[in-house]
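Heads up: the structure comes next, in structure tokens.
The values are calculated or read from the model by the stated rules, or taken from the named source; none is laboratory data. None of these values were measured; they are calculated from a predicted model. Note that each Cβ is placed from the backbone with ideal geometry, even for glycine, and that neighbours are counted across all protein chains shown.
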Amino acid sequence: MHTEELKEVILKNSSEAARLHAAVHETHHRRNESAEAHNAWTQAAQEFRDKYDKLAFPGGYEGALDRVTSGDPLAMEAAICFMELRPYFYHSGYMFKDLLRKSRKAPLSAEQKMRLKAIEAAVSEWRKEKLSIETISTNSHSSRTNANA
């Protein structure tokens, strides 16, 4: 599977994983209204559990980290694509962090190493911005607190 095909699959699957997770939450709020509502919630939760592994990562997320570090070409490319796209769904942030850590140890191609460097640079920039915002928020809160004292 080529890079663009992988990216399409990741985006499509992440959208479906997010939809299924939302269905669990939507039905959860109504589960005590009736037997049918409880059944709908149970079915939504079961469907989410049944499909999550395959939707979370191409080839399934179970064992994906081992496949990345062992040099599986599809898993390594899928990891890079996943990190470039940074999809948002249940546990995707944890997956991103784990894939980043494992990709650093994977036998990547020269092109994949360059892409990983770009991902790491973006993560570093994001952390700087986040720290800057947190510092501004903390200082702003401290100023308000001191002004009220």
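Only one of Pro87, Pro58, Pro107 is modelled with pLDDT of 95 or more, in a loop (DSSP other than H, G, I, E, B) and touching a Gly at 6+ places or on another chain (Cβ under 8 Å). Can you tell me which? Break it down into steps so the answer makes sense when it comes.
Details: Pro87 fails: touching a Gly at 6+ places or on another chain (Cβ under 8 Å); Pro58 fails: touching a Gly at 6+ places or on another chain (Cβ under 8 Å).
Just one listed residue meets the conditions, Pro107.
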Residue set Ser70, Ser34, Ser14, Ser92; condition surrounded by fewer than 16 Cβ atoms within 10 Å (Cβ to Cβ) and within 30 Å of Ser124 (Cβ to Cβ); output residue Ser70
Counted residues in the stretch 17-31 being under 18 Å from the mean Cα position of the chain (by Cα) and either at pLDDT below 95 or surrounded by fewer than 15 Cβ atoms within 10 Å (Cβ to Cβ) (or both) come to 2
- prompt: On the given criteria, is Leu74 touching a residue at least 40 places away in the same chain (Cβ under 8 Å) and more than 16 Å from the chain's Cα centre (by Cα)?
  reply: yes
Exactly one of Ala122, Ala75, Ala106 is surrounded by 13 or more Cβ atoms within 10 Å (Cβ to Cβ) and touching a Phe, Trp or Tyr at 6+ places or on another chain (Cβ under 9 Å), and that residue is Ala75
Within the stretch 53-101, residues being under 19 Å from Ala118 (Cα atoms) and of a type in the set (Asp, Glu) number 3
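Which of the residues that make up the stretch 5-36 are polar (S, T, N, Q) and either touching a helix residue (DSSP H, G or I) at 6+ places or on another chain (Cβ under 8 Å) or closer than 19 Å to Ile80 by Cα (or both)? I'd like the intermediate steps shown before the answer.
As a first pass, look at the stretch 5-36 and keep what is polar (S, T, N, Q): 13-15, 27, 32, 34.
Answer for the stretch 5-36, where residues must be polar (S, T, N, Q) and either touching a helix residue (DSSP H, G or I) at 6+ places or on another chain (Cβ under 8 Å) or closer than 19 Å to Ile80 by Cα (or both): Asn13, Ser14, Ser15, Thr27, Asn32.
Could you list all residues from the stretch 47-61 that are at positive phi and surrounded by 15 or more Cβ atoms within 10 Å (Cβ to Cβ)?
Let us first name the residues in the stretch 47-61 that are at positive phi, namely 59-60.
Within the stretch 47-61, Gly59 is the sole residue that qualifies.
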